[in-house]
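J.: Have a look at the structure that comes next, please.
The values are calculated or read from the model by the stated rules, or taken from the named source; none is laboratory data. Only a predicted model underlies this, so the values are computations on that prediction, with no experimental measurement involved. Note that each Cβ is placed from the backbone with ideal geometry, even for glycine, and that neighbours are counted across all protein chains shown. With ligands, DNA and RNA removed, areas are computed over all heavy atoms of the protein, side chains included. Shrake-Rupley method; radii C 1.70, N 1.55, O 1.52, S 1.80 Å.
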Amino acid sequence: MKAVGARLPRYDGLQHVTGQSVYVDDVRVPDMLWAKALRSTVHSAEIKKLDVSKALRVPGVHAVVTHEDVPVNIVGHLAALGVPADEPLLAEHEVRYQGQPIAVVAAETEEIAQEAVNAIEISYEEREPFLDIRKAFDPDVPKVSPSGNLFVYEPYTERRVRKGDIDWAFEKADRIVQGVYRPAAIEHCPTETQVALVVPEATGRLVIYSCTQAMYFSMGVVATHLGVSLNDLKFVGGTVGGGFGGKVDTAAETISALLAIKAKRPVKWRWTREEEFLCSSVRATWHVEIADAVTKDGWILGRRTLTLHDAGAYTRFSSYGATKHAFHLGGAYTIPNLSFNAYVIWSNHVPTTAMRGFGVTSVSFAVELHMTRIATVLGIDPWELRLKNASRVGDTAPTRVVLKDPSAVPTIQAAAQAAGVELASEYRAMTNAPRKGKTLPRHLVDQLGAWRDNGGR
Amino acid sequence: MAKHRGRGFSAIEYPTGMNQGGDPSQAWIKMKPDGRVDVFAGTVDIGQGSKTVHTQIVADTLGVPYDWVTMDNSNTDSSPLCTGTFASRGTFIGGNAVAVAAERVRERLLEIAARELEIDPSDLEVSDGEVRAKGAPDRKLGVGDVAAAATWTHGELITGSGAWMKPYSAPDPDTGECDPHAAISYAACVADVEVDDETGEVRVLKLIQVYDVGHAINPTLVEGQIEGGAMMGLGLGLLEATYPYYPALDHRGDQFGSYLAPSTKDLPEFDNVILEYPSSEGPFGAKAIGEMANNAQPAAICSAIYDAVGVWVTECPATPERVLRALERRSEPRREGKRIVFDEDLSVRSVSATGGEGFLAVDG
């Protein structure tokens, strides 16, 4: 029997549904300490005073760590790609979001650890927070980072996509259809909150029980913070109680490791449900503007877009997400003339991160609602509008990648069939085969011909 | 005051086999003395079933029954590198890595079998746990016998390792030109909704969803992604918001009781269609489905709201308040025009000035 294509049951399904799968919080080891964090209560502030001495005197407390205990405190998630590191593991002289960790305690129980956290003395000089990304270009708004509120894609402040002749498209258009689309920030809502257990071995190695979605990636982040080799660490994981992108961030592992090193005892840090909701990263707020140059019979000649992406207080993966976003703003369609600008904006919200569909979920919402709007404005069938513009073999994506096997046409046709929608015969007969001259309007033939001759550039 | 039915539609695409983090996956496989197979890879199963998919790929690549294969992704000492489970890369990149490793194990297996059968390895094939001579199927040896011979007769280990990645391609800052992914999956979604024009409440009655996944390694798991993803998409479209009054922080939910995620009560009727237009680079032609499964619903739902009551809700989630406000605004004139100011600086400045409608500087 062939396994590929078979409806085999999940490898670990019975383990999961009978409660036998072992998640990080199920692991208990002797002499384990529990961690609790002091987190910022304000959105933006200078830290004027931080004194942990009273916390250290609470009976049952074994270690307190602050930024001074971190060998390398500022590590970027995408440093390997040349994205500047901007986020401290533990806050130094300032906080940029409510919930940002400042100091962490390891104690005999979670209650004692919390008591010690409450005993830490801290004072802030609050600053006006910057919370609305739509004001990012206003010169008078507060600056989140000393360099401002815009991530820089050298040499620009935005990820750019340019293709064809956008001015030609808008000159030739019969109509210009525009819209502004704003999908909200949302939570990952995993059942398992962020959690880590770090066990220091007599050999000096740290065994890190982790709920990460990305074991080796997280191991690299921890090793960089601690300044150790990959063999000084052993990550144990591979089974996650819900991630959806939120556990690509390395959240509890490094701080738990620092506490375990300092206390010379195993340390577990499990975030409360409230911390998971309020302090862990979220899917970003997006603001997407689209203006399409269209002909009255439904050809999209050109598309201009402006995107604002709320990174929250630090960059994390946002520059990657907004780049991916920009590459897909054409949707499932081939539009010959494009001009996209996508900005990553720092704010004093919690840092945003990957979530299922990272960067493209916002595209799908904006572009597809916009397609419905175009069909409505032009008074043409929304199925036909999409089929007409759908990408075909040999078309080029906004990145100029030549599409080898686009299946937008058969996918849309199958949806029509399943929904009982009767397509006109020319649309029923359409395939994803390369476009021929007669399937194009006159004014596109010349342009597309030149475009193809130029290798789809 | 009435309930109105509407239908909306969306068609989407999603990249897989991406390289924008320069992300490789590695795998190694060893064979026990009875022919049973252990796969080691660092790919995290976040609930999508990647362990199942990987063992299926290994079983068929190697030519042994599925239940001969175990998979261990439990730690970084035994498993080689996988950068992680994100970017819909588990099946495509992780699956390619285990396929490459399994191919090498198969080669080693045939070398040992060739010695035992005294037949050239190129004249042998493996299927259903047996090594057979091509064209002479009665000349055969169980994979377990070959593994035993390797262990006890030849003093060797049948093993193999492999890796897969799409090399990083830096985008041109001026044009965005680059080669960022290995395949694209396509999908379409039809949403049938009911909108109550008195309460603003929107209910999704049915979702018809079509996904081209290249090749469904496990159709049951693909359907799980389609329906699970649809519920997340429904949450995006209708229910969920971290900051319900963005940019204000009021009423931020901090528990499941105060943050509105979809539940089984929101479950619509599903009609799932899986299409298979193979990818040239994916394992067994597979593309991916993981992330895109929550992308198509919000636009289909908001298009259906327009179809039902004639108003555009362009902010997600389409809460009852937003639907009712849109209904109140319905009589206002539309702002469509032929000419728009496209100066980039002016556009971004007007975003700031208007609170978010930069392009809507319509002229005429």
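J.: With B:Ala102, B:Ala97, B:Ala150, B:Ala113 as the choices, which residue is touching an Asp or Glu at 6+ places or on another chain (Cβ under 6 Å) and open to solvent by less than 10 Å² (accessible area, probe 1.4 Å)?
T.: Selected residue: B:Ala150, the only one of B:Ala102, B:Ala97, B:Ala150, B:Ala113 that is touching an Asp or Glu at 6+ places or on another chain (Cβ under 6 Å) and open to solvent by less than 10 Å² (accessible area, probe 1.4 Å).
J.: Ok, one more. Can you work out which of the residues in the stretch A:7-40 that are of a type in the set (Val, Ile, Thr) and open to solvent by 90 Å² or more (accessible area, probe 1.4 Å) is farthest from A:Gly238 (Cα to Cα)?
T.: Out of the qualifying residues, it is A:Val17.
J.: Next up: Would the stretch A:357-365 turn up any residue that is at negative phi, surrounded by fewer than 22 Cβ atoms within 10 Å (Cβ to Cβ) and in the same structural domain as A:Ala433 (by TED's automatic domain parsing)?
T.: Looking for residues that are at negative phi, surrounded by fewer than 22 Cβ atoms within 10 Å (Cβ to Cβ) and in the same structural domain as A:Ala433 (by TED's automatic domain parsing), one finds none in the stretch A:357-365, hence no.
J.: Among the listed residues A:Ile186, A:Ile122, identify the single one that is within 13 Å of chain B (Cβ to nearest Cβ) and either surrounded by fewer than 21 Cβ atoms within 10 Å (Cβ to Cβ) or part of a loop (DSSP other than H, G, I, E, B) (or both).
T.: None of the others qualify; the one that does is A:Ile186.
J.: Hey, can you tell me all the residues within the stretch A:283-301 that are facing another protein chain (nearest Cβ under 10 Å) and outside any strand (DSSP E or B)?
T.: Scanning the stretch A:283-301 gives A:Arg283, A:Ala284, A:Thr285.
J.: Kindly provide the set of residues from the stretch A:146-164 that are more than 24 Å from the chain's Cα centre (by Cα) and in a strand (DSSP E or B), ordered by number.
T.: Within the stretch A:146-164, just A:Lys163 meets the criteria.
J.: Test A:Glu68 against the stated conditions and say whether it is charged (D, E, K, R), out of contact with any helix residue (DSSP H, G or I) (no Cβ under 6 Å at 6 or more places or on another chain) and part of a strand (DSSP E or B).
T.: Details: charged (D, E, K, R): yes; out of contact with any helix residue (DSSP H, G or I) (no Cβ under 6 Å at 6 or more places or on another chain): yes; part of a strand (DSSP E or B): no.
The answer is no for A:Glu68.
J.: Does at least one position in the stretch B:53-66 carry a residue that is part of a loop (DSSP other than H, G, I, E, B), modelled with pLDDT under 95 and surrounded by fewer than 24 Cβ atoms within 10 Å (Cβ to Cβ)?
T.: Scanning the stretch B:53-66 turns up no residue that is part of a loop (DSSP other than H, G, I, E, B), modelled with pLDDT under 95 and surrounded by fewer than 24 Cβ atoms within 10 Å (Cβ to Cβ).
J.: Condition first: within 14 Å of chain B (Cβ to nearest Cβ) and aliphatic (A, V, I, L, M). Now tell me which residues in the stretch A:258-280 satisfy that.
T.: Across the stretch A:258-280, the qualifying residue is only A:Leu278.
J.: Give the residue that is nearest to the other protein chains (Cβ to nearest Cβ), with candidates limited to residues of the stretch A:217-241 that are in a loop (DSSP other than H, G, I, E, B) and under 17 Å from B:Ser25 (Cα atoms). First the steps, then the outcome.
T.: Taking the stretch A:217-241 as the starting set, the residues that turn out to be in a loop (DSSP other than H, G, I, E, B) are A:227-229, A:237-238, A:240-241.
If we keep only those that are under 17 Å from B:Ser25 (Cα atoms) as well, we get A:237-238.
Numbers: A:Gly237: 6, A:Gly238: 4 Å.
In this case the residue turns out to be A:Gly238.
J.: Is it the case that some residue within the stretch A:258-272 is assigned to a loop (DSSP other than H, G, I, E, B), outside the structural domain of A:Val177 (by TED's automatic domain parsing), without any contact (Cβ under 8 Å) to a residue 12 or more places away in the chain and open to solvent by 10 Å² or more (accessible area, probe 1.4 Å)? So that I can check it myself, show each step before the final result.
T.: Taking the stretch A:258-272 and keeping what is assigned to a loop (DSSP other than H, G, I, E, B), we get A:264-266, A:271-272.
Checking the rest, the ones that are also outside the structural domain of A:Val177 (by TED's automatic domain parsing) come to A:264-266, A:271-272.
From the residues that got through so far, the ones that are without any contact (Cβ under 8 Å) to a residue 12 or more places away in the chain too are none.
Within the stretch A:258-272 (the criterion being assigned to a loop (DSSP other than H, G, I, E, B), outside the structural domain of A:Val177 (by TED's automatic domain parsing), without any contact (Cβ under 8 Å) to a residue 12 or more places away in the chain and open to solvent by 10 Å² or more (accessible area, probe 1.4 Å)), the answer is no, since none of the residues qualifies.
J.: If you check A:Gly330 against the conditions, is it part of a loop (DSSP other than H, G, I, E, B), more than 7 Å from every other protein chain (Cβ to nearest Cβ) and open to solvent by 10 Å² or more (accessible area, probe 1.4 Å)?
T.: Details: part of a loop (DSSP other than H, G, I, E, B): yes; more than 7 Å from every other protein chain (Cβ to nearest Cβ): yes; open to solvent by 10 Å² or more (accessible area, probe 1.4 Å): no.
In short, no.
J.: Something else now. For the stretch B:300-318, give me each residue that is open to solvent by less than 10 Å² (accessible area, probe 1.4 Å) and free of Cβ contacts under 8 Å to residues at least 24 places away in the same chain.
T.: Listed by number, the residues that qualify are B:Val311, B:Val313.
J.: Restricting attention to strands (runs of 3 or more DSSP E) lying wholly within the stretch B:180-299, give those where 2 or more residues are open to solvent by less than 20 Å² (accessible area, probe 1.4 Å).
T.: Per the criteria, B:183-196, B:202-212.
J.: Could you check the stretch A:364-390 and list, in sequence order, the residues that are in contact with a helix residue (DSSP H, G or I) (Cβ under 6 Å, 6 or more places away or on another chain), in contact (Cβ under 8 Å) with a residue 60 or more places away in the chain and at the interface with chain B (Cβ under 8 Å from one of its Cβ atoms)?
T.: Once the filter is applied, which keeps residues that are in contact with a helix residue (DSSP H, G or I) (Cβ under 6 Å, 6 or more places away or on another chain), in contact (Cβ under 8 Å) with a residue 60 or more places away in the chain and at the interface with chain B (Cβ under 8 Å from one of its Cβ atoms), the stretch A:364-390 yields A:Phe365, A:Leu369.
J.: Follow-up. Restricting attention to the stretch A:134-145, does a residue exist that is open to solvent by less than 20 Å² (accessible area, probe 1.4 Å) and within 9 Å of another protein chain (Cβ to nearest Cβ)?
T.: First, pick out the residues of the stretch A:134-145 that are open to solvent by less than 20 Å² (accessible area, probe 1.4 Å): A:136, A:144-145.
Next cut, within 9 Å of another protein chain (Cβ to nearest Cβ) only: A:136.
Yes, the stretch A:134-145 has at least one match.
J.: Please go through the stretch B:156-169 and give me each residue that is over 14 Å from B:Ala113 (Cα atoms), open to solvent by 50 Å² or more (accessible area, probe 1.4 Å) and out of contact with any Gly (no Cβ under 9 Å at 6 or more places or on another chain), ordered by number.
T.: Those that are over 14 Å from B:Ala113 (Cα atoms), open to solvent by 50 Å² or more (accessible area, probe 1.4 Å) and out of contact with any Gly (no Cβ under 9 Å at 6 or more places or on another chain): B:Ser161, B:Ala163.
J.: Report whether or not A:Arg304 is facing chain B (nearest Cβ under 9 Å) and either in a loop (DSSP other than H, G, I, E, B) or modelled with pLDDT under 95 (or both).
T.: yes
J.: Considering (1) under 19 Å from A:Trp269 (Cβ atoms); (2) without any contact (Cβ under 8 Å) to a residue 24 or more places away in the chain; (3) open to solvent by less than 20 Å² (accessible area, probe 1.4 Å), say which one A:Gly238 fails and leave the rest.
T.: (1)
J.: Looking at (1) open to solvent by less than 10 Å² (accessible area, probe 1.4 Å); (2) under 30 Å from B:Ala170 (Cα atoms); (3) in contact (Cβ under 8 Å) with a residue 60 or more places away in the chain, which one does B:Val37 not meet, given that it meets all the others?
T.: (2) is the only condition that B:Val37 fails.
J.: Let me ask something additional. So, in the stretch A:5-61, how many residues would count as being within 30 Å of A:Asn149 (Cα to Cα) and either within 12 Å of chain B (Cβ to nearest Cβ) or assigned to a loop (DSSP other than H, G, I, E, B) (or both)?
T.: Filtering the stretch A:5-61 down to residues within 30 Å of A:Asn149 (Cα to Cα) leaves A:37-50.
Next, from what is left, pick out any that are either within 12 Å of chain B (Cβ to nearest Cβ) or assigned to a loop (DSSP other than H, G, I, E, B) (or both): A:40-44.
So the answer is 5.
J.: Here are the criteria: (1) more than 29 Å from the chain's Cα centre (by Cα); (2) facing chain B (nearest Cβ under 10 Å); (3) touching a residue at least 24 places away in the same chain (Cβ under 8 Å). Tell me which single one A:Asp167 does not satisfy.
T.: Answer for A:Asp167: the failing condition is (3).
J.: For the stretch B:71-90, name all the residues that are modelled with pLDDT of 95 or more and more than 9 Å from every other protein chain (Cβ to nearest Cβ).
T.: If the condition is that a residue be modelled with pLDDT of 95 or more and more than 9 Å from every other protein chain (Cβ to nearest Cβ), then B:Ser78 is the only one that fits.
J.: Filter the stretch A:81-119 for residues that are under 27 Å from the mean Cα position of the chain (by Cα) and free of Cβ contacts under 8 Å to residues at least 12 places away in the same chain; which is nearest to the other protein chains (Cβ to nearest Cβ)?
T.: Looking at the filtered set, the residue picked out is A:Gly82.
J.: Output the number of residues of the stretch A:398-418 satisfying the condition of being facing chain B (nearest Cβ under 7 Å), of a type in the set (A, V, I, L, M) and either closer than 20 Å to B:Leu207 by Cα or open to solvent by 30 Å² or more (accessible area, probe 1.4 Å) (or both).
T.: Qualifying residue count for the region: 5.
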